[in-house]
Amino acid sequence: MLLQAPSAGRLSQARAAAVRDGKSGATGALPPVLLTTANYNGTLAAVRSLGRHGIRVTTADPSRLAVSGWSRFTTARVQSPGVQDTGRFLAWLLEYGRTHGKHVLLPTSDDTAWLYALHRDRLSEYFHLASPTFDTIAGLLNKRRLYQSAVDAGLHVPRTWFPDTAADLERIRTEARFPVVVKPVTQVMFTTQSKGMLAESPDQLAARYAEFARQTYSPALHDVDPSASRPMVQEFFPEAATAIYNISAYVRKGRLTGARAARKLLQQPRRLGTGVCFEEAAVVPELAAGLERLVSRAGFSGVFEAEFIDTPEHPVLIDFNPRFYNQMEFDIARGLPLPLLAYFDALGRDQDFDRLVSSPRAGGRPPQSVYVDLFSLRLILFAQRLSGALSRAERKKWTRWYRTNRHRCTHSVLDRTDRMPALAAAVQLLIGHARHPRNFLSSMVLNRS
């Protein structure tokens, strides 16, 4: 169902500018892109990056309010089934490809990366895609397999258990250093997308594990890997609230291209949550080298983001995201055009890929910068100041931080040249919190994980 098509004049001006600037060659000859899960910030970043280079972008999502669909750089937006309704979604995707010409299909989430790899052969009939094999993607998205591969590549990982029985839980009670976090082995097809649940003491472990295990996955995951739906237990590092270090890059032919790094300064909820504020950081060569060994051995290619915790002993890898990610706009602003690299790689246009990599904007180092989800930051400062979960001193600290860095800030949704996504995001935020007041009270107001 077609919902919107931005004006032809506006899009043609963007394409003409791209050709004039030499950004994408014969733009009219390039195929369009289809981006699903259009409600993610990473998808919006990709829409803006591709659209600004004159590439036609169609977004697909069940929601009419999906933020990416309201971007001026979206050529058209369509309604699709939800990705976790895998049978209907896959049927819709194949029919769309069959009837709308061959688009480039890029993974925007864990679910789509997993699903596109699983059905790579069928999707390749109707789409251009450069998805790695399913075994590669499944191995990176399953933390049991990821952590073993990371250790083999010379990286450190947190002390982690994958219990199958009550006896395993009892053993963890005696072996672990508490607190621990009960968390999903994979976020693929996870219906709640919860980050995890803390067990502060051994006495809490069994109850927390049982409670978290009741959260469900789509049947599609059970059909392929039933064991992945059982939670894992991991020692919790207090540094996770303030010392998350990210490395992101594009992987091609086993090598990292254009690596960028950042530190997560604030997340919500603060002990186990989604990033709100980031600051640019230097790439640690040893960690980048370890990640290169990891992806090379796994056979992965494409966009990725890896997360480490800076512990007192050494950084430990906690997550690897082989797809677009929440704060990708930050790396695009710092000269790493990840969506364009993925686009040209899927088309096999090596010359265009190499040109982007070697351009001064892609290779140079821009001034130090920060990234902020301003809607979330302002809501945190307001709601948690009222509840007492945020002290007056903390509120002043973050208010001062934003004012000091405002001139060099990349925003998650706000963009003066593309205003409608911010309006859609604000409406969604209000509707979401109104529909789920308990979750809003617990996570946003009281700051409980």
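Points to keep in mind about this one:
- Against the main long axis of the alpha-carbon atoms of the chain, helix 420-435 sits at an angle near 30°.
- Of the residues Glu292, Glu200, the one with the fewest other Cβ atoms within 10 Å heads the list, and the complete ranking is Glu200, Glu292.
- Here the extension length gained between Ala288 and Arg177 equals 37.1 nm, from 0.36 nm per residue of separation less the Cα-Cα distance.
- Sites Gln148 and Arg230, calculated FRET efficiency, Cβ-Cβ separation with R0 22 Å, nearest 0.05: 0.85
- Listed residues Gly388, Gly254, Gly54, most fluctuating in the chain (Gaussian network, C-alpha, under 10 Å): Gly388
- Convex hull volume of the Cα atoms of the chain, normalised per residue: 142 Å³.
- Efficiency of FRET between Asp203 and Thr311 - r from beta-carbon atoms, R0 25 angstrom, step 0.05: 0.50
- Ellipticity estimate at 222 nm from DSSP helix runs (n ≥ 4, -39,500 (n - 2.57)) divided over the chain, nearest 500: -12000 deg cm²/dmol
- Distant-in-sequence amide H partners of Thr311 (H built 1.01 Å from N, under 5 Å): Val316
- Whole-number percent relative contact order across the range 374-445, with pairs defined as alpha carbons under 8 Å at least 6 apart: 42 percent
- Principal-axis analysis of the Cα atoms of the chain puts helix 392-405 at an angle of about 20° to the longest axis.
- Modelled this way, with points 7 Å down the Cα-to-C-beta line, the labels at Arg378 and Arg297 are 4.7 nm from one another.
- Cβ crowding within 10 Å, taken as a proxy for footprinting-reagent exposure, orders Ile244, Ile55 from fewest neighbours to most as Ile244, Ile55.
- Rounded to 10°, Cα long-axis angle of helix 338-347 versus longest principal axis of the chain: 60 degrees
- Exceedance of the 22 Å cut-off in Cα-Cα distance is limited, within the set Lys143/Lys183; Lys195/Lys396; Lys143/Lys195; Lys195/Lys397, to Lys195/Lys396; Lys195/Lys397.
- When peptides 182-189, 40-47, 268-275 are sorted by average Cβ neighbour count within 10 Å, with the highest value leading, the order is 40-47, 182-189, 268-275.
- Sorting Lys195, Lys143, Lys253 from the fewest to the most surrounding beta carbons within 10 angstrom yields Lys253, Lys195, Lys143.
- Cα→Cβ-extended label distance, 7 Å offset, between Gln79 and Lys102, nm: 3.1 nm
- Gain upon complete extension [Asp223, Arg406; 0.36 nm per residue less C-alpha separation]: 61.1 nm
- Relative contact order for the chain: 15 percent, from Cα pairs under 8 Å spaced at least 6 residues apart, divided by residue count.
- Each of the peptides 150-158, 330-338 was scored by the mean count of other Cβ atoms within 10 Å over its residues; in descending order, highest first, they stand as 330-338, 150-158.
- Taking 0.36 nm per residue of separation and subtracting the current Cα-Cα distance, fully stretching the chain between Glu394 and Ser194 would add 69.4 nm.
- With a Förster radius of 41 Å applied to the C-beta separation of Lys253 and Thr216, the computed FRET efficiency comes to 0.60.
Every read-out reported here was derived from the displayed coordinates using simple, explicitly stated rules and does not represent laboratory data. These numbers were taken from a predicted model, which means no experiment stands behind them. Backbone-built Cβ (ideal geometry, glycine too); neighbour counts: all protein chains shown.
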